[in-house]
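This report concerns only the one structure given below.
The values are calculated or read from the model by the stated rules, or taken from the named source; none is laboratory data. Owing to the predicted nature of the structure, the values given are computational and were not obtained by experimental measurement. Every residue, glycine among them, receives a Cβ derived from its backbone with ideal geometry; neighbour counts consider all protein chains shown.
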Amino acid sequence: MLYLITSILLSTGIFVLFQRFQHWGVHTFQAIVINYGVAALLGWNLAGGWNQFKTVWPAQWVIIALLMGGLFIYLFQLIAKSTQSIGVTVTSIAAKLSMVIPVALFLLFDPSDSLTWQKGMAISLSIPAIILTSWKPEQRGKQRKWLIPLIIFIGSGMIDLMFAGFSGSNFMTSVNDRYLFASLPLITAFICGMVWWLIKSGKSSMNWFPNASTIASGLTLGVINFGSLYFLLETYDKVSIDRSAVMPINNLGIILASSACSLAILKESLFRRNYIGLILGMLSILLLLWSEIIE
């Protein structure tokens, strides 16, 4: 369980950093691109670099991981646009509910995975838990546009499915494979981000060279981002929990930990429905863990 807890804590750290960016004068897009470069470089070097890449090319998971990198940077920009035009609530719900896609597919097609009443109830509780936890009253009336959240939902679900689907020992034969798998989509995301950076700096007033706060935030975010991905992959491989249960526990754990940090560190206020969502989230996690313990 240490791998899962570590992944949850690191992912929570990403949300805390994002919340502080505007207070530190950080250019979010530039910090994200730097983050991808740092995370990709870290994973690439730990994996063994080009020598390791040549031993696994052209495996299916390598090609898919490289292609998915473009989705990483695209979804980030789409999430930013959705947050500004539609609201944080709809955007966060669309991203976090994406866990339904890999969970449903594993329950349907993975013979080693089984649906128990505890797991079914936990997954059912997780949906209102995420909605209620994310809901803010000032964001009512901004939910008519459905196409962008739908794209975010499907895209995030595909990323979750990729990491869950190829994380097993039948694909990841060594720890170097795991490092490489985590770094490949980040490499593509960094390349796409740099191209986007060049285009944006040429068409707008955005400064080409980032300020010190942006560089420091990007470096920190890159280390945390890679760590969260790596420990999530380790969870799928080493923790004796069905893959259909890992993603709900991970997502709900991030929500609960982020909410705790918001209350304790950022001094943000929660509404009654948010507390109800947190309680449902905790019940969902307990049911999922119970389902795994009694099997």
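Could you list, in sequence order, the residues of the stretch 202-216 that are surrounded by 15 or more Cβ atoms within 10 Å (Cβ to Cβ) and either in a helix (DSSP H, G or I) or of a type in the set (D, E, K, R) (or both)?
Listed by number, the residues that qualify are S213, T214, I215, A216.
Scanning for something aliphatic (A, V, I, L, M), at pLDDT 85 or above and over 24 Å from I101 (Cβ atoms), does the stretch 202-209 turn up at least one residue?
In the first step, residues of the stretch 202-209 are kept if they are aliphatic (A, V, I, L, M); the result is 206.
Right, trim to at pLDDT 85 or above and you get none.
No, that holds for no residue.
So if I check each of I199, I191, which one is surrounded by fewer than 21 Cβ atoms within 10 Å (Cβ to Cβ), modelled with pLDDT of 90 or more and either in contact with a strand residue (DSSP E or B) (Cβ under 6 Å, 6 or more places away or on another chain) or in a helix (DSSP H, G or I) (or both)?
Working: I199 fails: modelled with pLDDT of 90 or more.
Going through I199, I191 in turn, just one is surrounded by fewer than 21 Cβ atoms within 10 Å (Cβ to Cβ), modelled with pLDDT of 90 or more and either in contact with a strand residue (DSSP E or B) (Cβ under 6 Å, 6 or more places away or on another chain) or in a helix (DSSP H, G or I) (or both): I191.
Looking at the stretch 17-51, which of its residues are aliphatic (A, V, I, L, M) and crowded, with 20+ Cβ neighbours inside 10 Å?
V26, A31, I32, V33, I34, V38, A39, A40, L42, A47 - these are the residues of the stretch 17-51 that are aliphatic (A, V, I, L, M) and crowded, with 20+ Cβ neighbours inside 10 Å.
Examine the stretch 89-109 for a residue that is surrounded by 20 or more Cβ atoms within 10 Å (Cβ to Cβ), at pLDDT 70 or above, of a type in the set (S, T, N, Q) and touching a Gly at 6+ places or on another chain (Cβ under 7 Å), and state whether such a residue exists.
yes
Which of the residues belonging to the stretch 252-295 are part of a loop (DSSP other than H, G, I, E, B), of a type outside the set (D, E, K, R) and at pLDDT below 75?
So in the stretch 252-295, the residues part of a loop (DSSP other than H, G, I, E, B) come out as 265-271, 295.
Then keep just the ones that are of a type outside the set (D, E, K, R); that gives 265-266, 269-271.
Result: I265, L266, S269, L270.
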